[in-house]
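Right, one structure below, let's go through it.
The values are calculated or read from the model by the stated rules, or taken from the named source; none is laboratory data. Computed from a prediction, not measured in an experiment: that's the story for all the values here. No Cβ is skipped: glycine too gets one built from the backbone with ideal geometry, and neighbour counts run over all protein chains shown.
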């Protein structure tokens, strides 16, 4: 199921977005509270005016945010605002409206391939101690590389509120090949535009969708989907930034 908030109503409660499917959308389970200074690339994508957080994202330049395609289906730029530079999704930092957006034209909600999108902010945002652009990965790390996923998603699978404060969890990076192997449970559901992260009883979950998956100081993935949250044998699944890097840069430049 997709990892936006909420599981059942998902974005339909925000801007008449898509219905939920059989993929679970992302949250941080068994993580620790983080300060935005430690994850200054993290942003909150919200319903404009109301401040309803529903997805995360990563700022990669002064006016471009990378997020998940499933976060933006049914959305218009005028629906959205982005909060940057705050540990809390509901206060502080900088609040910016959205000028344009685009999600991958090959995005398939049935198999979650190409689950990536770009947002152009209505005004540029300067770097500071709480806002830092993150570099896109050019290659896939090795399996076992320590990686961090962060967000304001719920802390458990069902009937939990969003975390007001930013949370993070460390997991092991898994290549597509290893994630699809018999060591785990997904098999051929793991496609060529996906990578994974796994640590026992730790994961992303609802509300974390679109957020950053970071290894070696670079954005290696975008929170996409998973079976439940922190379920044994089921890694969290992320859009592979290295595989989608050219699309991200080209379309960010054309917004």
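The residue of region 27-45 that is modelled with the lowest pLDDT, among those that are in a strand (DSSP E or B) and surrounded by fewer than 22 Cβ atoms within 10 Å (Cβ to Cβ), is 32.
Residues checked against (1) free of Cβ contacts under 8 Å to residues at least 40 places away in the same chain; (2) surrounded by fewer than 21 Cβ atoms within 10 Å (Cβ to Cβ); (3) out of contact with any helix residue (DSSP H, G or I) (no Cβ under 9 Å at 6 or more places or on another chain):
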site: 62; (1), (2), (3): no, yes, yes
site: 71; (1), (2), (3): no, no, yes
site: 78; (1), (2), (3): yes, yes, yes
site: 91; (1), (2), (3): yes, yes, yes
site: 102; (1), (2), (3): no, yes, no
site: 115; (1), (2), (3): no, no, no
site: 135; (1), (2), (3): no, yes, yes
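Considering only region 115-139, state which residues are out of contact with any strand residue (DSSP E or B) (no Cβ under 7 Å at 6 or more places or on another chain) and more than 16 Å from residue 41 (Cα to Cα).
138, 139
Restricting attention to region 14-26, does a residue exist that is under 24 Å from residue 114 (Cα atoms), buried (at least 21 other Cβ atoms within 10 Å of the Cβ) and at pLDDT 95 or above? The answer is no, given that none of the residues of region 14-26 is under 24 Å from residue 114 (Cα atoms), buried (at least 21 other Cβ atoms within 10 Å of the Cβ) and at pLDDT 95 or above. Among the residues of region 166-182, those that are surrounded by 24 or more Cβ atoms within 10 Å (Cβ to Cβ) and over 30 Å from residue 90 (Cβ atoms) comprise 173, 174, 179.
Per the conditions (1) within 30 Å of residue 175 (Cβ to Cβ); (2) in a loop (DSSP other than H, G, I, E, B), the sole criterion not satisfied by residue 118 is (2).
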